[in-house]
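Q: Here's a structure for you.
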Amino acid sequence: MRKSFWMSALLLATAACATAPASRPVSGSTASGALAPRLAVDAFLDAVRVEDIQAMGALFGTSRGALRDTMSSSDRDAANQLEKRLIILQCYLAHDSYRILSEGPGEGGSRMVRVELVRGNERRQPAFFAVEGPGGRWYIENVELAAVRDFCGLQPGS
């Protein structure tokens with residue numbers, strides 16, 4: 001009797017978690033983009049923090065959607081270039097913590113989200129440019145890397 005009670009409680013808890021709405025893409029999720037520009041930046045930086053290139057790829061794109069999904073499946077060179085670009089972004093944007101400072105209009109309908117990244121004792125404030133894609137999903141189209149050009153050589157927490 002006691003065992004069935006705990007099994008029922010476990011099933012109920014699992015069902016509750018499975019139906020809870022997610023505001024950010026989850027690592028390993030097939031969904032791409034985010035519901036809002038800030039959420040796209042949050043999810044992208046969370047993916048950078050845990051070095052999840054796949055999750056970063058689900059959020060990096062254009063008004064056509066995630067680049068990983070809009071590339072020709074037979075174009076291995078483009079896929080390799082995208083992976084290299086994401087690895088470089090991961091290096092430049094690696095951080096100990098971050099906070100969103102502001103959001104405002106960007107060029108051509110994009111949204112500019114200014115973020116403060118903290119790595120060790122250093123702080124930088126790059127701008128992220130998010131664009132709306134299919135289904136009202138938002139993607140990171142560009143990042144102001146000049147603001148974090150020296151971050152790639154710094155060790156987190158130092």
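The values are calculated or read from the model by the stated rules, or taken from the named source; none is laboratory data. Note that the structure is a prediction, hence the values are computed from the model and not measured. All Cβ positions, even for glycine, are placed from backbone atoms using ideal geometry, and neighbour counts span all protein chains on display. Areas reflect the complete protein model, heavy atoms only, side chains present, ligands, DNA and RNA absent. Shrake-Rupley method; radii C 1.70, N 1.55, O 1.52, S 1.80 Å.
Q: Using θ = phi - 60° and the Karplus form 6.51 cos²θ - 1.76 cosθ + 1.60, what ³J(HN,Hα) does each residue of region 126-141 get, whole Hz, x for Gly and Pro?
A: The phi angles translate into x, 9, 10, 10, 10, 10, 7, x, x, x, x, 8, 10, 10, 7, 9 Hz.
Q: Shifting gears a bit: Report the local net charge at PHE151: Lys and Arg +1, Asp and Glu -1, summed over other residues whose C-beta lies under 15 Å from its C-beta.
A: Residues close to PHE151 contribute a combined charge of -1.
Q: While we're looking at this one, here's another question. How much of the accessible area of region 30-158, in percent, comes from carbon and sulfur atoms when a 1.4 Å probe is used?
A: Using a 1.4 Å probe with all protein chains present, region 30-158 comes out at 46 percent carbon and sulfur.
Q: Under 5 Å between amide H atoms, partner at least 5 residues away or on a different chain: which partners does GLY106 have, H built in plane at 1.01 Å?
A: Residues meeting the amide H criterion: ARG111, MET112.
Q: So how do 58-68, 75-85 stack up, highest first, on mean other-Cβ count within 10 Å?
A: 58-68, 75-85
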